[in-house]
Amino acid sequence: MAAQLDNDDPRRPKGMRINSRLVGLLLVPLAVLIAVTGFGVVQGITQSNQASELSGRTDLASSAYTLIDALEVERSTLVAESTSSADQQAAVRAAADDLTARGAQVGGSLQQETDAVLRRIRGLELLADGGIGGRSALRSYSVTIDELLDLASRAIDPAGAVDGSAAATTDYLARAQAASAQEYDLVKVLEAEGEINAVSFQDLSSLAASQRAYSALAAETAPAALSIRIREVAFAISAADETRRDAFVATLAPSFGPWLEGLEARTESLSSLRGVAREATLATVDDLAESSRILLVTATLAM
């Protein structure tokens with residue numbers, strides 16, 4: 001058998017030596033291309049899964065805010081009239097059903113937390129059916145709303161980190177709005193009782209402090225245009241401190257009318273601002289999902 005010729009053997013045809021070198025030169029970039037595109041596909045799949053999970057969590061938080069709104073409406077009616085309408089009860093049930101579905105889609109510990117909060121909703125239904133209003137309704141509904149706020153916080157910001165994102169702004173505004181709505185209903189209770197004692201004034205002061213703190217945090221994390229609108233409401237919240245003090249030290253019956261009007265306006269403003277921040281959060285999640293899809297498609301086509 002003839003001896004095998006080495007690539008550099010002068011007896012080997014020149015063309016064969018060149019072809020083998022060309023193949024070697026082509027294999028290196030090809031291997032690099034395959035590695036890079038393969039990494040791109042893996043990264044695209046990872047980002048797509050993360051975007052899908054984040055989208056589910058954001059939808060869960062959004063559903064929790066919707067239920068909070070429905071509970072606040074029903075609570076206000078119960079506090080004032082010791083009854084709620086069929087439409088209000090239906091709105092609460094519809095929002096609770098949607099939250100149940102969102103929790104099931106997310107799964108895991110968030111689903112467990114969602115189910116725990118929803119068990120409280122069933123207890124609130126008994127209160128509404130029994131026409132239990134006043135302080136009892138205020139206390140029971142407020143505890144459940146606080147739990148829904150905690151659920152929304154964990155869902156919309158999984159890392160629990162305070163940052164400049166739209167998610168953080170939404171969370172802060174939701175808490176400021178809830179404190180304002182709760183103060184409104186507490187003032188309605190005090191109006192019915194005809195006085196403000198030291199304990200009630202302390203509760204009012206605590207709710208006012210929450211509004212100031214969370215609106216300030218929201219203004220810091222929001223984009224410039226939204227931040228200006230938030231600061232305007234924050235200024236009105238601070239200005240209302242004098243109204244609270246005057247009502248507490250009044251020698252005659254406190255004047256609740258202007259106080260309630262101001263609270264109603266601020267609560268509506270905070271609800272509107274929370275809606276703007278929530279839409280920005282949803283848009284951010286949609287952008288992330290779109291960018292992950294583009295990365296995945298681009299990497300796949302390059303292979």
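The values are calculated or read from the model by the stated rules, or taken from the named source; none is laboratory data. From a predicted model like this one, the values you see are computed outputs, not experimental measurements. FYI the Cβ positions are ideal-geometry reconstructions off the backbone, even for glycines, and counts take in every protein chain you see.
Please go through region 227-261 and pick out each residue that is touching a helix residue (DSSP H, G or I) at 6+ places or on another chain (Cβ under 9 Å), more than 24 Å from residue 79 (Cβ to Cβ) and modelled with pLDDT of 95 or more.
227, 228, 229, 230, 231, 232, 234
State which residue is nearest to residue 82 (Cα to Cα) when the search covers only region 185-211 and only residues that are hydrophobic (A, V, I, L, M, F, W, C) and within 26 Å of the chain's Cα centre (by Cα).
Let us first name the residues in region 185-211 that are hydrophobic (A, V, I, L, M, F, W, C), namely 186-187, 189-190, 192, 196, 198-199, 201, 204, 207-209.
Next, from what is left, pick out any that are within 26 Å of the chain's Cα centre (by Cα): 186, 204, 207-209.
Working: 186: 14, 204: 22, 207: 23, 208: 25, 209: 28 Å.
The qualifying residue nearest to residue 82 (Cα to Cα) is 186.
Could you identify the single residue in 220, 264 that is of a type in the set (Asp, Glu) and in contact with a helix residue (DSSP H, G or I) (Cβ under 7 Å, 6 or more places away or on another chain)?
Working: 220 fails: in contact with a helix residue (DSSP H, G or I) (Cβ under 7 Å, 6 or more places away or on another chain).
Selected residue: 264, the only one of 220, 264 that is of a type in the set (Asp, Glu) and in contact with a helix residue (DSSP H, G or I) (Cβ under 7 Å, 6 or more places away or on another chain).
Condition first: among the β-branched types (Val, Ile, Thr) and surrounded by fewer than 16 Cβ atoms within 10 Å (Cβ to Cβ). Can you find one or more residues in region 229-238 that meet it? Outline the logic, then answer.
To start, the set of residues in region 229-238 that are among the β-branched types (Val, Ile, Thr) comprises 230, 233, 237.
From what is left, the residues that are surrounded by fewer than 16 Cβ atoms within 10 Å (Cβ to Cβ) are none.
No.
Let me spell it out: the conditions are (1) in a loop (DSSP other than H, G, I, E, B); (2) over 27 Å from residue 129 (Cβ atoms); (3) hydroxyl-bearing (Ser, Thr, Tyr), and residue 83 meets all of them except one. Which number is the exception?
For residue 83, the failing item is (2).
For region 110-227, please list each of the helices (runs of 4 or more DSSP H) lying entirely inside it that holds at least 3 residues being of a type in the set (A, V, I, L, M), out of contact with any Pro (no Cβ under 6 Å at 6 or more places or on another chain) and crowded, with 24+ Cβ neighbours inside 10 Å. Talk me through it step by step, then tell me what you get.
Working: elements: 134-156, 166-193, 198-221.
Passing ranges, in order: 134-156, 166-193.
Output the residues belonging to region 58-89 that are over 25 Å from residue 155 (Cα atoms) and surrounded by fewer than 20 Cβ atoms within 10 Å (Cβ to Cβ).
The first filter runs over region 58-89 and keeps only residues over 25 Å from residue 155 (Cα atoms), leaving 76-89.
77, 80, 81, 82, 83, 85, 86, 87, 88, 89 - these are the residues of region 58-89 that are over 25 Å from residue 155 (Cα atoms) and surrounded by fewer than 20 Cβ atoms within 10 Å (Cβ to Cβ).
Report yes if some residue within region 220-235 is touching a Ser or Thr at 6+ places or on another chain (Cβ under 7 Å) and over 23 Å from residue 157 (Cα atoms); otherwise report no.
Looking through region 220-235, at least one residue is touching a Ser or Thr at 6+ places or on another chain (Cβ under 7 Å) and over 23 Å from residue 157 (Cα atoms).
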